[in-house]
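Contents: one structure, followed by commentary.
Please treat every number below as a calculation from the coordinates, not as lab data. Predicted, not measured: the structure shown is a model, and the values here were computed from it. Positions of Cβ are generated from backbone atoms using ideal geometry, with glycine treated the same way; all protein chains shown enter the neighbour counts.
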Amino acid sequence: MSRIIVITSGKGGVGKTTISANLGLHLAKRNQRVCVIDMDIGLNNLDVVLGVEDRILYTMQDVIEKKCRLRQALIQDDQYPLLFSLSSGNVVKDINISTYQIKQIIDELSLNFDFILIDCPAGIDAGFNRSVSCANEALVITTPHLSAIRDADKVVTILSSYNLNNKRFVVNRARGDLIKEKMMLDVYEISKALGIEFGGLIPEDDHISNCLNIGTIRLNDKYSSVRAFDVLAENILTGSKKLFDCTYKYKGLLGNVRRLLKKRI
């Protein structure tokens, strides 16, 4: 049976889509069959992050309207053939798509995939309910900022009313230099605030921005974010609680120099 994980947050702009895409790639890299579904109907950009926007012929809306079969709407990744994505399309007829229709699609996908990742829209409206209702696990994405953590805490409270097997949080855009200087909350402080299990930490990394700018994801282990996503995938796959140390560059004498240089920039 598939593990169906909704990737959500309290607010937009914290990196849900980026994490959905990268987690999907890293799970596929580990020989898992993965389908990532873009549920941000009308504001979708998962296809852009994955670099497949020019290959879309059919969307979720087309499947629901019986214009195509589900398998015709799935886009297979060129680099990792075990990764597929399903676009919601640019339609704004959000009201016409019901939870039951989405559940039918996910039930069919469950027959062929190990993981189904649902890229949930921001907020806690109908799109949120539709996405969470179809999942059996949740990843709550936050950044290490008080406003994002407060919104994430609200989402965690709401998730308690759903029948989910597991809830974890992921910290995105963490800066090791600021954490080392006690100017940014660390994972342990965020864990106390949210009261759910830790899932992973993704550091601030220009490599992610560069990939978004060119419309493709490049898995090169020399980048800290790529290594951090690999740890996240391992945690999700095995249930481990490994923490990627984003402060490693700022330890010791050389680390002190790096922190001083950061302050001057």
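The three principal axes of the C-alpha atoms in the stretch 74-202 carry coordinate ranges of 48, 37, 29 Å, sorted with the longest axis first.
Can you tell me, using C-alpha contacts under 8 Å and at least 6 residues apart, the relative contact order of the chain as a whole percent? That works out to 23 percent.
Where does the charge balance sit around residue 10 when Lys and Arg score +1, Asp and Glu -1, over other residues with C-beta under 11 Å from its C-beta? So the surrounding residues net to +2. Once the Cα atoms are used to define both axes, helix 16-29 deviates from the longest principal axis of the chain by about 80 degrees.
Annotation: amide H of residue 202 within the under-5 Å range of 171, 172, 173, 174, sequence separation 5 or more or interchain, hydrogens built in the peptide plane.
Say R0 is 41 Å: what FRET efficiency, to the nearest 0.05, do residue 182 and residue 101 get from their beta-carbon distance? Display every interim value, and only then the final one.
Values: r = 49 Å, r/R0 = 1.19.
Here the calculated transfer efficiency is 0.25.
Each Lys and Arg adds +1 at its Cβ and each Asp and Glu adds -1 at its Cβ; summed about the Cα centre, the chain shows a dipole of about 880 debye.
With a point put 7 Å past each Cα toward its Cβ, work out how far residue 110 is from residue 53 in nm, to one decimal. About 3.3 nm separates the two model spin labels. In terms of packing, defined here as the mean over residues of other Cβ atoms within 10 angstrom, the peptides 183-194, 117-128, 13-24 line up highest first as 13-24, 117-128, 183-194. Compute the distance from the alpha-carbon center of the stretch 17-42 to that of the stretch 168-233, in whole Å. What the calculation gives is 17 Å, centre to centre. Each of 48, 229, 5 was scored by the projection of its Cα onto the charge dipole of the stretch 3-264, and the greatest displacement toward the positive side belongs to 229; charges sit on the C-beta of Lys, Arg, Asp and Glu.
In order along the stretch 151-156, the phi-based Karplus estimate (6.51 cos²θ - 1.76 cosθ + 1.60, θ = phi - 60°) of 3J(HN,Hα) comes to 5, 5, 4, 4, 5, 4 Hz; Gly and Pro are listed as x. Our estimate of slack between residue 218 and residue 197, defined as 0.36 nm per intervening residue step minus the Cα-Cα distance, is 4.7 nm. For residue 65 and residue 79, compute 0.36 nm times the residue count separating them, minus their Cα-Cα distance, and round to one decimal in nm. Here the answer is 2.0 nm. In this simple spin-label approximation, residue 251 and residue 234 carry label points 7 Å from Cα along the Cα→Cβ vector, and these lie 1.6 nm apart.
Backbone geometry of the stretch 177-189 corresponds, through the Karplus equation with coefficients 6.51, -1.76 and 1.60 at θ = phi - 60°, to 3J(HN,Hα) couplings of 5, 6, 5, 5, 7, 6, 9, 9, 5, 9, 4, 5, 5 Hz, x marking Gly and Pro. Label-to-label distance for residue 209 and residue 160 is 3.8 nm, based on points extended 7 Å past Cα in the beta-carbon direction.
Remark on residue 118: its backbone amide H falls under 5 Å from those of 5, 6, 7, 37, a criterion applied only to residues 5 or more positions apart or on other chains, H modelled at 1.01 Å from N.
Quick check on my link table: of 167/251; 154/249; 154/192; 182/251, which ones sit more than 25 Å apart, alpha carbon to alpha carbon? Before the final figure, lay out the partial values.
Values: 167/251 32 Å; 154/249 33 Å; 154/192 14 Å; 182/251 13 Å.
In this structure, 167/251; 154/249 lie more than 25 Å apart at Cα.
The 3J(HN,Hα) values that the Karplus relation (6.51, -1.76, 1.60; θ = phi - 60°) gives for the stretch 129-139 are, in residue order, 4, 4, 6, 5, 4, 8, 9, 10, 9, 9, 10 Hz. Gly and Pro appear as x.
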